[in-house]
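Undergrad: Following this message is one structure expressed as structure tokens.
The values are calculated or read from the model by the stated rules, or taken from the named source; none is laboratory data. Only a predicted model underlies this, so the values are computations on that prediction, with no experimental measurement involved. Note that we place each Cβ from the backbone using ideal geometry, even for glycine, and neighbour counts take in every protein chain shown.
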């Protein structure tokens, strides 16, 4: 039986939620409560959470319950990720989080229209579905995964789409990080508008 996710976003397919340390990008090293929503049709072959793709596998959960769970933790920051979280209307969830003094962060491919109230938007574009300009315009951070040399041109293309104050990050794809990281180091030294993002949670062995 297919999920009927209400358009008002009061029920969402919750894959997992956990309290941890942010591992990558601008907010690396900060404690945050992660909310991972099920459902994605972007389909990256190197995705490390492929079990998130099928929303049917993940129970519809009341947004109010998610907010209550988030409030139990010392950090007043929530990261909403997926899957692709912007498949859903996130206005209600993020509004309730912010009303309870919790800052809201999203990681998105930008492939769907922007909803929600955000303190920080991380745009991580994927090759199979281009980001919408309305998301790129609002992005605080552009994080491009580098899997092979051609991805540098992909990164530069997307850097043209974001605003002048957007932070620019290149991140090695984990399964190839030993060979890709030296290329990123050289690239950032030659193109210092970019910074390096590492998946520090994998080095530190934390979820």
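Undergrad: For residues in the range 82-97 being touching a strand residue (DSSP E or B) at 6+ places or on another chain (Cβ under 6 Å) and outside any helix (DSSP H, G or I), which is farthest from residue 29 (Cα to Cα)?
TA: In this case the residue turns out to be 88.
Undergrad: Would you confirm whether any residue within the range 173-181 is within 30 Å of residue 62 (Cα to Cα), out of contact with any helix residue (DSSP H, G or I) (no Cβ under 6 Å at 6 or more places or on another chain), in contact (Cβ under 8 Å) with a residue 12 or more places away in the chain and buried (at least 21 other Cβ atoms within 10 Å of the Cβ)?
TA: Among the residues of the range 173-181, not one is within 30 Å of residue 62 (Cα to Cα), out of contact with any helix residue (DSSP H, G or I) (no Cβ under 6 Å at 6 or more places or on another chain), in contact (Cβ under 8 Å) with a residue 12 or more places away in the chain and buried (at least 21 other Cβ atoms within 10 Å of the Cβ), which makes the answer no.
Undergrad: Only one residue in 58, 117, 73 is at pLDDT below 95 and surrounded by 15 or more Cβ atoms within 10 Å (Cβ to Cβ). Which one?
TA: After ruling out the rest, the residue left standing is 58.
Undergrad: Looking at the range 162-198, which of the residues that are out of contact with any strand residue (DSSP E or B) (no Cβ under 8 Å at 6 or more places or on another chain) and part of a loop (DSSP other than H, G, I, E, B) is nearest to residue 134 (Cα to Cα)?
TA: Only one residue fits best here, namely 163.
Undergrad: I'm told residue 159 meets every condition in (1) crowded, with 18+ Cβ neighbours inside 10 Å; (2) in contact with a strand residue (DSSP E or B) (Cβ under 8 Å, 6 or more places away or on another chain) except one. Can you identify the failing condition by its number?
TA: (1)
Undergrad: Return yes or no: is residue 124 crowded, with 22+ Cβ neighbours inside 10 Å, under 30 Å from residue 172 (Cα atoms) and without any contact (Cβ under 8 Å) to a residue 40 or more places away in the chain?
TA: Criteria met by residue 124.
Undergrad: Applying the selection to the range 10-39, what residues are assigned to a loop (DSSP other than H, G, I, E, B) and either over 22 Å from residue 113 (Cβ atoms) or at pLDDT below 95 (or both)?
TA: Passing the criteria: 22, 23, 24, 25, 26, 27, 28, 29, 30, 38, 39.
Undergrad: Shifting gears a bit: Identify, from the list 42, 79, 67, 5, the residue that is at pLDDT 95 or above and outside any helix (DSSP H, G or I).
TA: After applying the criteria, what remains is 79.
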